Amino acid sequence: MRHLISLKEQSADDFREILALAATLKKKYRAGESTDFLHGKTLLMFFQKGSTRTRISFEAGMTELGGHAIYLEAAKTQFMFADLRDELRAMMRFGDVFMFRALDVADVLTAASFNRIPVIDACSEKYHPCQALADILTMSEHSGGLDKIKKIAWLGIENNVSNTLTLACAKLGIEVAIAAPEVDADSIDTELNAMASATGNVKKTLDLKEALAGAQYVHTDTWMNAEFFENGKPKPQFKDEYDRRKAVFMPYQLNVALIDTYVPEAGIMHCMPMHVGYEISRDAIEHKNSVIFDQAENRKHVEKAILLWLLEKKV
Ligand code: CP
């Protein structure tokens, strides 16, 4: 049975297959053709954390595939007091694919271990495989093909999103330069790091000039926690950490001055949600090189392909 969790299990050919399928589905959608390939199928979507894009993209994607998506929020279910394993085992009797945005990836792995239906990690503390594949689809479209992407750069913090993006790119032969002064401790997966590093395609440096040299796309993600703020201002109890992070990460902000200085042709990317004025500036979001909203849209096209790939459905 196929699952999509860390991308450690998938090969470059698997990625190519999913991406080609996503491109086909997107073309069909744009042409107004039916993509009714999952008629009668149900996607179970279980969220232990909030979401905008993941919920909407999977739900809309499943509608377009002719199936149905059920949205479950942890706080509104019996998961709050019952044994998680039992609830997962019961829930998985009602659908064909289980999409899980979990607080702890160990629970995603537990769900997959039942091998009842395919499981998708929809952003745990360690991985975000759907985002990685949507990002690669976006870069491929803007570069005129997957084989045209040679180098990307990641700025800011190493985290769940950078983990899966780095691994997928590295397996596909794309060079990844990471300029990140800190790593989110919860996201660390030494096996994934070793696998990505073994490809010879990953370079870590704090020198922005070196990281950005030749990069066709520059990615970043949030490094300031939402809970630090109230009415747009830092809460007094988090002021020290807020100030510390600003000092550490601001030199790695993705902004137009940085792009103009080092890589004027590079695409500007962010997985969203964005913390404007921190990891990314408003001028970068609105810049002609920004492909951020294409990136958001591509979540749906890639997730449709992932659903078909997991269910081994041919188009
Ligand atoms: N990028 C992403 O996963 O967005 P959401 O958290 O809104 O789902």
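All of the numbers you see were taken from the coordinates with simple rules; none came from a lab. For clarity, every value in this text was computed on a predicted model and none was experimentally measured. Cβ: placed from backbone, ideal geometry, glycine included. Neighbour counts: every protein chain shown.
Quick notes on this one:
- Based on C-alpha pairs under 8 angstrom that are at least 6 apart in sequence, region 37-94 has a relative contact order of 42 percent.
- Highest average packing first - 302-308, 172-178, 243-249, Cβ atoms within 10 Å: 302-308, 172-178, 243-249
- Choice from T220, T199, T190 with maximal GNM fluctuation in the chain (Cα, 10 Å cutoff): T190
- Cross-link partners of K41 among aspartates and glutamates, defined as those whose alpha carbon lies under 16 angstrom from its own and excluding same-chain residues fewer than eight positions apart: E59, E64, D96, E303, E312.
- Using the average count of surrounding beta-carbon atoms within 10 Å as a protection proxy, the listed peptides 154-161, 9-16, 28-35 rank, highest first, as 154-161, 9-16, 28-35.
- Charging the Cβ of each Asp and Glu at -1 and of each Lys and Arg at +1, and nothing else, the dipole of the chain about its Cα centre rounds to 620 debye.
- Listed by Cβ neighbour count within 10 Å, with the fewest neighbours leading, W309, W223 appear as W309, W223.
- Once Rg and the Kirkwood radius are both taken over the C-alpha atoms of region 1-137, their ratio Rg/Rh works out to 0.96.
- Secondary structure note: in the chain, about 5% of the DSSP beta bridges are antiparallel.
- Three principal axis extents describe the C-alpha atoms of region 208-267; from largest down they are 42, 18, 15 Å.
- Cross-linked pairs K27/K300; K126/K233; K26/K304; K151/K203; K148/K313; K150/K313: Cα-Cα separations exceed 19 Å for K126/K233; K148/K313; K150/K313.
- Each of S281, V183, T77 was scored by the projection of its Cα onto the charge dipole of the chain, and the greatest displacement toward the positive side belongs to T77; charges sit on the C-beta of Lys, Arg, Asp and Glu.
- Here is how the number arises for the chain: DSSP H runs of 4 or more residues each give -39500 (n - 2.57), the sum is divided by the residue count, and the result at 222 nm is -12500 deg cm²/dmol.
- All alpha carbon pair distances within the chain were sorted into 20 Å bins beginning at 0; the resulting P(r) in whole percents reads 33, 58, 9.
- Gaussian network model of the chain, springs between alpha carbon atoms under 10 Å - residue of T166, T261, T24 with greatest fluctuation: T261
- Highest-MSF residue in the chain out of A266, A213, A111 [GNM, Cα springs under 10 Å]: A213
- Under the convention that each Lys and Arg Cβ holds +1 and each Asp and Glu Cβ holds -1, the size of the dipole of region 1-115 around its Cα centre is about 300 debye.
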